[in-house]
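*Asks:* Dropping the structure in here first, questions after.
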Amino acid sequence: MSTALLLAIATASIVILLLLVIKTKVHPFVALLIVSLLVAIATGIPADKIMETIFSGMGNLLGHITIIIVLGAMLGAVIEASGGAESLAQRFSKSLGIKRTVAALTMAAFILGIPVFFEVGFIIVIPLIYGFTKVARVSPLKFGLPMAGVMLTVHVALPTHPGAAAAAGILHTDMGWLMMLGILISIPVGIVGYYVAKAMNLRQYHLSVDVLEQLQLAKPEGKPKNDAPPPGALMITGLIVVPILLIVMGTVAHTTLAEGSTLRSVMTVIGTPAIALLIALGLAAWLLGVRRGWSKEKLEDLTGRAIPSSASVILVAGAGGAFGKVLVESGVGKALALTLETLHLPLVPAAFILSLALRASQGSATVAILTTSGLLSQAVGDVTDMQRVLVTLAACFGGLGLSHVNDAGFWVVTRYLGLSVADGLKTWTVLTTIMGLSGFVLTWLVWGMI
């Protein structure tokens, strides 16, 4: 199949998806499956491989996020019901004021994003976002957009995460310089994202009923009362930090301790995101629930009610993974990469544009970064070590932009923040693209100075 036809099919599929979701109000899960099926048929994927491809794309993604999302939702439900998130929010708001609180949480999200994967970190901070939202009586976007944007920035740019780390291996980039320059450039990119998100929040967006109910903004008079005084801010901070510390310790142990040692094995297990969240949930259930007089039935009810609220996020994200897998298997990404490669652009713009286009075409930032690195691996043979670092960063920032309907992260962010697809495109997609462009411009400026 010709490159032009593949690209036309990909473009048409996204247009059809948007029409189904925005205009005809088809549920995103169903719309994503319909479009995945249409693309698979149109691009000639064998009939006996179509559903296998869809199952594979959905299954691979759900295998990574289902446990994390459900445990994160349960942890959030326990913290919310105890009044802990609001207690923490009131302490911060009284000390800093709302404006400074948003900035402080964005900085905290930057630090959190360095060791923790984007989706995991975002799910961990959701209880905080909801708690601060209720205290400030503002939209969750005020806190959620800048925090999510900065977390995704460090996720794509730093070699503590798979995309940048694998790209460094493919392009033979010095990890130490990549880490240092990645942090130095990500800081101003995060500042740009903070102010762009602040400008976006000048207008009001309609939130989903599910999120309004969780925030108890739709019917504040129906707010349940706690059995006991809310826990202190320090305890809630500790419960949120616990899974982060365990994940970091697991990573450090895996890279520094001798292979086969008992301590390394133990830390590797408890440092996986799912186990770390399970431990945090157990601590929260004891410290916020049992120790404060909650019955077993109340805990069971709280954690049980958290599952339906997370099901929509899981299913839509999984369907997004299926759509991305079909686009990859159809050859759309390769066709687009080959088209751009023939333009013979300078290395830094080529790395950014290739990665950005691949990100837009198949959804995964990691796949976009890795594919771009592979395509440019021969072209960087004659550059200096520092220039090699900058080419790698350009590819990483390309993977930051254009997060849209074929990206599972798009659905996680928009669903938890209560955004419609149209508003998600106007906010999250625009925000990630501006931040990606900012990272590229700064990277190219550094290239010009060395």
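The values are calculated or read from the model by the stated rules, or taken from the named source; none is laboratory data. Quantities reported herein were computed from a predicted structural model and do not represent experimental measurements. Glycine gets a Cβ as well: all are built from the backbone with ideal geometry, and neighbour counts include every protein chain shown. Accessible surface areas use protein heavy atoms only, side chains included; no ligands, DNA or RNA. Shrake-Rupley method; radii C 1.70, N 1.55, O 1.52, S 1.80 Å.
*Asks:* Would you mention how many residues in segment 255-274 are assigned to a helix (DSSP H, G or I) and open to solvent by less than 60 Å² (accessible area, probe 1.4 Å)?
*Replies:* Residues that pass the stated criteria total 6.
*Asks:* Further, regarding this structure: Might you check whether a residue that is modelled with pLDDT of 75 or more, under 21 Å from the mean Cα position of the chain (by Cα) and part of a helix (DSSP H, G or I) occurs anywhere in segment 78-99?
*Replies:* No, the conditions are met nowhere in segment 78-99.
*Asks:* Determine the pairs where a residue that is closer than 12 Å to I187 by Cα, located within segment 103-114, has a partner that is at pLDDT 85 or above and open to solvent by 30 Å² or more (accessible area, probe 1.4 Å) with Cβ atoms under 6 Å apart, the partner being 6 or more residues away or on another chain.
*Replies:* Once the first residue is closer than 12 Å to I187 by Cα and sits in segment 103-114, its partners that are at pLDDT 85 or above and open to solvent by 30 Å² or more (accessible area, probe 1.4 Å) give T106/Y194.
*Asks:* So is I191 over 16 Å from the mean Cα position of the chain (by Cα), of a type in the set (A, V, I, L, M, F, W, C), under 16 Å from I434 (Cβ atoms) and surrounded by 24 or more Cβ atoms within 10 Å (Cβ to Cβ) or not?
*Replies:* In short, no.
*Asks:* Write out, first by first residue and then by second, each pair whose Cβ atoms fall under 6 Å of each other, whose residues are 6+ apart or on separate chains, and whose first residue, in segment 393-409, is open to solvent by 10 Å² or more (accessible area, probe 1.4 Å) while the second is of a type in the set (S, T, N, Q) and assigned to a helix (DSSP H, G or I).
*Replies:* Filtered contacts from segment 393-409: L402/T433; H404/T429.
*Asks:* T173 - would you say it is surrounded by 22 or more Cβ atoms within 10 Å (Cβ to Cβ) and touching a residue at least 60 places away in the same chain (Cβ under 8 Å)?
*Replies:* yes
*Asks:* Among the residues of segment 9-23, are any in contact (Cβ under 8 Å) with a residue 40 or more places away in the chain, open to solvent by 60 Å² or more (accessible area, probe 1.4 Å) and either over 15 Å from G321 (Cβ atoms) or of a type in the set (A, V, I, L, M, F, W, C) (or both)?
*Replies:* Checked segment 9-23: no residue is in contact (Cβ under 8 Å) with a residue 40 or more places away in the chain, open to solvent by 60 Å² or more (accessible area, probe 1.4 Å) and either over 15 Å from G321 (Cβ atoms) or of a type in the set (A, V, I, L, M, F, W, C) (or both).
*Asks:* So, T372, is that one closer than 20 Å to H404 by Cα, open to solvent by less than 20 Å² (accessible area, probe 1.4 Å) and part of a helix (DSSP H, G or I) or not?
*Replies:* yes
*Asks:* Please enumerate the residues belonging to segment 109-137 that are outside any helix (DSSP H, G or I) and open to solvent by less than 10 Å² (accessible area, probe 1.4 Å).
*Replies:* Listed by number, the list holds a single entry, V116.
*Asks:* Look through T268, T272, T256 and report the one residue that is in contact with a helix residue (DSSP H, G or I) (Cβ under 6 Å, 6 or more places away or on another chain) and at pLDDT 80 or above.
*Replies:* T268
*Asks:* Looking at segment 295-306, I want the residues that are closer than 12 Å to V70 by Cα and open to solvent by 60 Å² or more (accessible area, probe 1.4 Å) and have a partner that is modelled with pLDDT under 85 and part of a helix (DSSP H, G or I) with Cβ atoms under 9 Å, at least 6 apart or on another chain. Which pairs are those?
*Replies:* Every condition considered, the pairs that remain are R305/A77.
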